[in-house]
Amino acid sequence: MSADDISPEARRIHFSSLVFDTHTDTPQRFLFDRFDMGRRDSEGSVDIPRMHEGGIGAIFFALWVPVEITGPAATRRAFDLLHATGKQVQQHKDELALVTTCEEIRTVREQNKIAVLLGVEGGHAMDDDLRVLREFSARGVRYMTLTHIAASNWADSSNESPRHHGLTEFGKQVVLEMNRLGMIVDISHASDETFRDVLEVSRAPVIASHSCCRAVCDAPRNLSDVMIKDLAARGGVIHITFHSGFLSQEYADANKALVAESARQEREAEQDFGDNVARKLIAGQRFSDEMIRAGKLPRVTWEKIVEHVDHAVRIVGPDYVGLGSDFDGAFMPDGMEDASDFPKISEGLLRKGYSNSDIRKILGENTLRVLAECERVGHDLRAEKS
């Protein structure tokens, strides 16, 4: 499907809705490549022109800290990414605005600007210190994933065997402090046991900012139907991500057979780019594309995104599903290469018979609801202690 194939009705719905992407890794490009998002770029997936073309009105930029970086260095990396993102927003203040609340998002949209929000990816970035978590919040961070591809000292990851069997006592303190601060707890990358502990402890709804459905693609990073139901029962939202390895079982299975090639590619990227994570991510996308052309990986198309959205909606209804692309941090399916392709999702949902109101919920209203509820819970908890 090309841009010309989007129907007038899908365009009307899409471009009159709040379109909210809850996870992109573009800050790596800001920090390492001094990338200026004001111009349409030939690399990557996100810049201002393509966000406008895709109708994106609010976006979470992820301050991702690789798990190999620990201690104070992890905290410094998170703040370096935050600072680099802030500079981009300031540089393009006529088109972007850094926001922290639902009211600010709506105000910014009335001004025809794109609302930028911040999320920390990897709870180890707070270096086991609640004071750092409070500083994240004070500097505008609105969500944090508790883990990434390895366990933190207080929460297990979906990518590893259990170390803590969920949250430690300190991990539960982290969740409650995030509730108090009005931050959203993000369970993407968390183990099933960590997920269960978070739902038991949290006083506010939680989200998966970039996860898919395990019933469609059996990856440990994805959520089972039971998990999706439990998340929704507490008012949370699963945001379907666009990464081919979480969308397609065939891609995930084929990728397991490419261990040697993948390891070689990673070694070469390390030699070529060193600490430049942005270039490594772009090199990874090129490697995936090469493997598809060589017939070693299957071609995955953007329609798989709609398939996962539809599966989640069939499980819990349209009030608990959203979108979190993982642009600039994962391998995109054919037809969803960048932010300008977002209207295809509205077209795909419309063709499946979704109502205008349900499409609007999935595009962004569900995410806004969770953000508002976390704000309310935080206000109430702070009032209890005052």
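The values are calculated or read from the model by the stated rules, or taken from the named source; none is laboratory data. Because the structure is a prediction, the values reported are computed rather than measured. Every residue, glycine as well, gets a Cβ built from its backbone with ideal geometry; the counts of neighbours run over all protein chains shown. The accessibility values were calculated without ligands, DNA or RNA, using every heavy atom of the protein model including side chains. Shrake-Rupley method; radii C 1.70, N 1.55, O 1.52, S 1.80 Å.
With Rh defined as the Kirkwood radius, the inverse of the mean 1/r over Cα pairs, the Rg/Rh of the chain is 0.93. Between ILE305, ILE48, ILE69, the Gaussian network model of the chain with springs among Cα atoms under 10 angstrom shows the greatest mean-square fluctuation at ILE69. Normalised radius of gyration (Cα atoms, divided by 2.2 N^0.38 Å) for segment 36-120: 1.17.
Mean residue ellipticity, 222 nm, helices only, the chain: the sum of -39500 (n - 2.57) across DSSP H runs of n ≥ 4, divided by residue count and rounded to 500, is -14500 deg cm²/dmol. Given a Förster distance of 45 Å, report the FRET efficiency between ARG39 and GLU200 from their Cβ-Cβ distance, rounded to the nearest 0.05. About 0.45, to the nearest 0.05. Once the 1.4 Å probe is applied to the protein heavy atoms, the chain comes out at 39 Å² accessible per residue. Taking H as built 1.01 Å from N, whose amide H comes closer than 5 Å to the amide H of HIS23, not counting residues under 5 places away? Distant-sequence amide H within range of HIS23: PHE60, SER325, ASP326. Give, rounded to the nearest 20 debye, the magnitude of the charge dipole that segment 226-305 has about its Cα centre when Lys and Arg contribute +1 at Cβ and Asp and Glu contribute -1 at Cβ. In total the dipole reaches around 200 debye. The residue among ALA232, LEU281, SER244 whose Cα reaches farthest toward the positive pole of the charge dipole of segment 230-292, with charges on the beta-carbon of Lys, Arg, Asp and Glu, is ALA232. Dipole magnitude for segment 247-386: about 240 debye, using +1 per Lys or Arg Cβ and -1 per Asp or Glu Cβ, origin at the Cα centre.
For segment 181-300, dividing the convex hull volume of the Cα atoms by the residue count gives 123 Å³ per residue. Loop-located GluC sites (Glu not before Pro) in segment 147-247 (DSSP state not H, G, I, E or B) with no more than 14 neighbouring Cβ atoms inside 10 Å: GLU160. Of the trypsin sites (Lys or Arg not before Pro) found in segment 1-69, the ones in coil according to DSSP and having at most 16 other Cβ atoms within 10 Å of their Cβ are ARG34, ARG39, ARG40.
When both bridge partners sit in the chain, DSSP labels roughly 5% of those beta bridges antiparallel. Highest average first, the peptides 208-218, 239-249 ordered by how many other beta carbon atoms sit within 10 Å of their residues are 239-249, 208-218. Leaving ligands, DNA and RNA out of it, report the carbon-plus-sulfur percent of the accessible area of segment 198-246 at a 1.4 Å probe. Of all accessible area on segment 198-246, carbon and sulfur atoms account for 47 percent. Determine the gain in length on full extension of the stretch LYS385-LYS296; use 0.36 nm per residue of separation and subtract their C-alpha separation, reporting nm with one decimal. Between LYS385 and LYS296, full extension yields 26.2 nm more. Taking Cα centre as origin and charging only the Cβ of basic (Lys, Arg, +1) and acidic (Asp, Glu, -1) residues, the dipole magnitude of the chain rounds to 660 debye. Pairs exceeding 27 Å between alpha-carbon atoms, taken from LYS304/LYS361; LYS93/LYS172; LYS172/LYS361; LYS256/LYS280; LYS113/LYS172: LYS93/LYS172; LYS172/LYS361; LYS113/LYS172.
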